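Worksheet for the structure shown next.
The values are calculated or read from the model by the stated rules, or taken from the named source; none is laboratory data. Remember, it's a predicted structure, so these values are computed and weren't measured experimentally. FYI the Cβ positions are ideal-geometry reconstructions off the backbone, even for glycines, and counts take in every protein chain you see.
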């Protein structure tokens with residue numbers, strides 16, 4: 001049964017919009033409750049600099065250096081760090097995008113999204129890399145004009161129901177949801193007392209520091225492994241040409257030049273004698289790629305290649321699926337996940353340490369070892385020693401690259417002492433604990449903001 005609601009023309013908020021979604025009664029009630037609070041609410045355009053980004057033509061995934069380019073998928077209502085993006089742009093392009101060069105403590109807001117849960121996501125920027133960072137056209141940077149508005153408070157407020165309901169109202173449901181700058185500027189922000197804003201901002205800064213602790217711990221684990229294997233000192237000069245023995249061609253049944261590129265052989269030859277490498281197959285009891293999931297409203301969370309980031313699994317926006325006929329293809333705590341498809345994502349590895357089981361999609365391979373720590377294996381596969389073997393064993397054309405389980409089993413890995421593996425695991429666990437604490441601080445700040453606004457509305 002259709003529901004009809006009416007408003008007066010004097011209540012129109014935008015001259016160019018009369019769509020029914022904008023005047024949804026439930027969302028308008030939420031908006032009115034905000035205006036009825038005792039805090040003075042002002043439009044965002046009067047409080048902030050608002051600028052949308054552009055999409056440069058030369059963004060590249062997987063580069064180690066260069067300014068960071070944040071995308072809408074990186075924005076997840078939390079403190080954002082350079083490790084959350086794997087796209088880089090050239091310094092020249094970054095210089096041309098001067099209007100949206102980011103600063104510490106900027107707030108980002110998604111203004112384009114395929115679904116309502118993507119548009120309106122926010123991020124708070126902690127300490128940015130010296131190379132700089134920028135954004136695409138699908139988001140805006142919000143920078144308070146003066147001390148009347150603390151950036152940490154703005155970030156938290158935008159995650160509350162009071163701001164999100166406004167964003168849902170203003171989002172234009174075309175082929176995808178979007179907001180223009182006028183609509184972003186129309187968002188109403190209640191100005192809490194300075195001491196309350198500073199308290200909330202302090203919680204966000206504490207959350208940001210926990211993110212830095214997590215980044216430092218992960219970087220230290222990577223540095224320790226590189227230093228132990230001597231990867232940080234190893235240099236390789238690209239040869240003009242190289243050869244392969246006919247017996248090697250016959251053994252591996254491959255003729256592509258990339259497979260015989262000598263970089264990994266050079267690395268293995270220069271490793272100290274005390275670090276012998278052995279085939280990964282000797283330490284695995286399971287190595288199998290997932291199948292296309294049978295998605296449903298209930299079941300186990302599905303892990304796809306976007307969730308598998310270097311040395312960590314991102315458990316957000318997971319779809320659910322049933323095991324179906326593939327009951328043995330279940331991810332267990334202690335497994336290693338490896339991306340087996342795609343450019344940029346191929347070869348990324350991460351330990352799965354969650355207590356609950358999960359399912360891999362058909363682009364993720366499950367590795368299981370009863371003797372090797374999953375954190376150590378993940379770090380090893382993501383290191384130079386592992387990534388050179390990814391390049392060596394990958395198959396396919398420029399359209400699609402694949403890394404198959406029978407090739408993954410051929411990877412050579414160092415059988416590190418248990419004490420060294422435990423040291424790396426400790427650093428990983430410390431990073432995970434810091435990330436959890438960071439999220440808890442943000443949840444505390446959000447609850448505080450909502451309670452403060454609710455109290456004044458109730459009065």
Residue that is surrounded by the most Cβ atoms within 10 Å (Cβ to Cβ) [pool: residues in the range 421-450 that are without any contact (Cβ under 8 Å) to a residue 40 or more places away in the chain and closer than 13 Å to residue 156 by Cβ]: 443
Conditions (1) surrounded by fewer than 16 Cβ atoms within 10 Å (Cβ to Cβ); (2) more than 26 Å from the chain's Cα centre (by Cα); (3) part of a helix (DSSP H, G or I); number of the one not met by residue 453: (1)
Among the residues listed as 269, 259, the single one being surrounded by 12 or more Cβ atoms within 10 Å (Cβ to Cβ) and either modelled with pLDDT under 70 or within 23 Å of residue 228 (Cβ to Cβ) (or both): 259
Helices (runs of 4 or more DSSP H) completely within the range 1-110 that count 3 or more residues being closer than 24 Å to residue 126 by Cβ and at pLDDT 80 or above: 91-96
Given (1) in a helix (DSSP H, G or I); (2) more than 24 Å from residue 275 (Cβ to Cβ); (3) at pLDDT below 95, index of the condition residue 429 fails: (3)
Output for the range 124-154, where each listed residue is farther than 15 Å from residue 53 by Cα and within 18 Å of the chain's Cα centre (by Cα): 124, 125, 126, 127, 128, 129
Any hit, the range 277-291, residues being modelled with pLDDT under 90 and under 27 Å from residue 415 (Cα atoms): yes
Search result, residues across the range 322-354 that are modelled with pLDDT under 95 and more than 23 Å from residue 384 (Cα to Cα): 322, 323, 324, 325, 326, 327, 328, 329
In the range 390-420, residue farthest from residue 230 (Cα to Cα) [restricted to those that are in contact (Cβ under 8 Å) with a residue 60 or more places away in the chain and part of a helix (DSSP H, G or I)]: 405
